[in-house]
Amino acid sequence: MQVIMKKEDNLNRQRFISLSAATLIALSVLLSFLTGGCSDVSTKDKNGVKQNPDNWGLVTLYQVDSLWPQKPENITWGGIPGIDIDRQGNLWLINRALPLVQMYDADGMFIKAWGNKGVDVASVTDPQTDLTFSMSDPDIHQIKVDFEGNVWIAARRLGVVYKCSPEGKVLMVLGKFNEVGNDETHFNYPGDMAITSTGNILVKDD
């Protein structure tokens, strides 16, 4: 079979080779930049075995600001498995201690908190619709703030996902409260969720 290469094909080939060469050079420069300033800080013991320092593998390109955020003294932090930023730049976090949900502004100033101990909210028809829990740690797993400012919370151990107002009023309960399963009406262990700009709800269920 005879292959006829047109002038345009030759130009495209030359352009491809040029772009490939430029890409390889850029990658080489980037690799040199990332590794050039990193010296081997490991040592060897008396048997010649390589020993890494105690802080080996820890990211050091940050500085801890002990004053941010400015948590009130009466609030205790447990584990913090999830945070999110709303459209105004405020930070929302979930806390595995009471209160469960806390809000801080971009400067780290405390704004409000909710989600204390009280009656479990199983559905929006319950008389007590502000989000409270009878247990101090219902395995709250993630928090998301949607495009309308609503706060979504995955309560993994309880098998539900809550949609709340910014003030903590329960607007929707997805799943069956305190019932886990693998069918159309139950979550097994909901661990995270995403809410699209069109209102679709995606739930990660373990």
Contour minus end-to-end for TRP68 and SER197, with contour as 0.36 nm per residue of separation and end-to-end as the Cα-Cα distance?
43.4 nm
With the cut-off at 26 Å, report for the range 82-205 the share of all Cα pairs above it, as a whole percent.
14 percent
Radius, Kirkwood style, for the range 78-139 when every pair of distinct Cα atoms is counted (Å)
12.5 Å
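The numbers here are math on the coordinates, done by the rules we state, and not lab data. As the structure is a prediction and not an experimental result, all values here were calculated from the model.
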